[in-house]
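Notes follow the structure.
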Amino acid sequence: MTDYLQTTRTAYDTVAADYAELLRDHLAGSTWDRAMLGTYAELVQAAGGGRVAEIGCGPGRITEHLHNLGLDIHGVDLSPGMVAVARKWYPHLDFQIGEMPGLSFEDDALAGVVAWYSIIHTPRERLPEIFADFNRILAPGGHLLVAFQVGDEVRHIEHAYGHDISCDAYRLSPEKITTQLGETGFSVISTLVREPSEEFEKTPQAYLIARKQ
Ligand SMILES: C[S@@+](CC[C@H](N)C(=O)[O-])C[C@H]1O[C@@H](n2cnc3c(N)ncnc32)[C@H](O)[C@@H]1O
């Protein structure tokens, strides 16, 4: 496992329980998040439905929300600590340990892939590898939803959710991500960039929906 994956996994194992507790009811107060997740669920269903995976699912709150909207979804995460929390909180759903890139799905297996604030710890030059992997596992016409913080800074995080940790977080450019998705076989069909609206958001937030060409 490469260094950045190891440090990211260790960091999320450390914060898993407190991260999960803090964000457990967050979606209820986040209109934009629910709007984009709802739109995404409708698009997947309108295209005929099928299996969906949330990659980097953390404690499973987004997986659970999309399940409640009718998607056949399960979660995958790098952090065993996060997967343990997700399995405990949502025992009716399936969560597996896994990492991107190198996802263990067969080609064309899925109708949807969700990466909700989970590409943010990957060095930018490695993102095309991840998008190519998403493209490989999606069926033609399948939908990808990506959410991330907008910017060009790399932040080294040493303290989060009440714990000392060490990992990097990358803010990203919606335009560059759109270009990279285009180069890896996707068409971006929707982009929402909104202003930071909550106390702990410091930058605009981006949500992209793309379709496998
Ligand atoms: C900010 S959290 C978001 C979790 C969840 N999507 C949510 O919104 O609550 C980022 C998650 O992505 C996972 N992650 C980061 N890089 C990953 C990778 N390369 N492969 C799989 N999971 C990854 C982390 O372990 C962490 O649980």
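The values are calculated or read from the model by the stated rules, or taken from the named source; none is laboratory data. As the structure is a prediction and not an experimental result, all values here were calculated from the model. Here the Cβ positions follow ideal geometry from the backbone for every residue, glycine too, while neighbour counts run over all protein chains shown. When the accessible area is computed, the model is the full protein with side chains, heavy atoms only, and any ligands, DNA or RNA have been set aside. Shrake-Rupley method; radii C 1.70, N 1.55, O 1.52, S 1.80 Å.
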### Task
Pairs only if they're at least six apart or on different chains, beta carbon under 6 angstrom, first in segment 117-128 and within 10 Å of the ligand (Cβ to nearest atom), second outside any loop (DSSP other than H, G, I, E, B) and of a type in the set (S, T, N, Q); list them, first residue then second.
His121/Thr8
### Query
Any idea how many residues of segment 49-60 are open to solvent by 10 Å² or more (accessible area, probe 1.4 Å) and under 12 Å from Leu71 (Cβ atoms)?
3
### Message
One residue is enough: does segment 29-37 have a residue meeting the conditions of a type outside the set (A, V, I, L, M, F, W, C), free of Cβ contacts under 8 Å to residues at least 40 places away in the same chain, farther than 21 Å from Ser166 by Cβ and in a strand (DSSP E or B)?
### Response
no
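What do you reckon, is Thr2 in contact with a strand residue (DSSP E or B) (Cβ under 7 Å, 6 or more places away or on another chain), among the polar types (S, T, N, Q), farther than 22 Å from Leu192 by Cβ and surrounded by fewer than 21 Cβ atoms within 10 Å (Cβ to Cβ)?
Values: in contact with a strand residue (DSSP E or B) (Cβ under 7 Å, 6 or more places away or on another chain): no; among the polar types (S, T, N, Q): yes; farther than 22 Å from Leu192 by Cβ: yes; surrounded by fewer than 21 Cβ atoms within 10 Å (Cβ to Cβ): yes.
Criteria not met by Thr2.
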### Query
within 14 Å of the ligand (Cβ to nearest atom) and modelled with pLDDT of 95 or more, is that true of Leu71?
no
### Task
Look through segment 160-181, keep the residues that are open to solvent by 40 Å² or more (accessible area, probe 1.4 Å) and over 17 Å from the mean Cα position of the chain (by Cα), and return whichever of them is nearest to Gln6 (Cα to Cα).
Ser166
### Task
Could you name every one of the strands (runs of 3 or more DSSP E) located completely within segment 135-192 that has at least 1 residues being under 21 Å from Asp13 (Cα atoms) and aliphatic (A, V, I, L, M)?
154-160, 163-170
### Query
Can you find a residue in segment 90-102 that is at negative phi, in a loop (DSSP other than H, G, I, E, B), modelled with pLDDT under 95 and within 14 Å of the ligand (Cβ to nearest atom)?
yes
### Summary
Screening Ala132, Ala115 for residues that are surrounded by 23 or more Cβ atoms within 10 Å (Cβ to Cβ) and not in a loop (DSSP other than H, G, I, E, B) leaves only Ala115
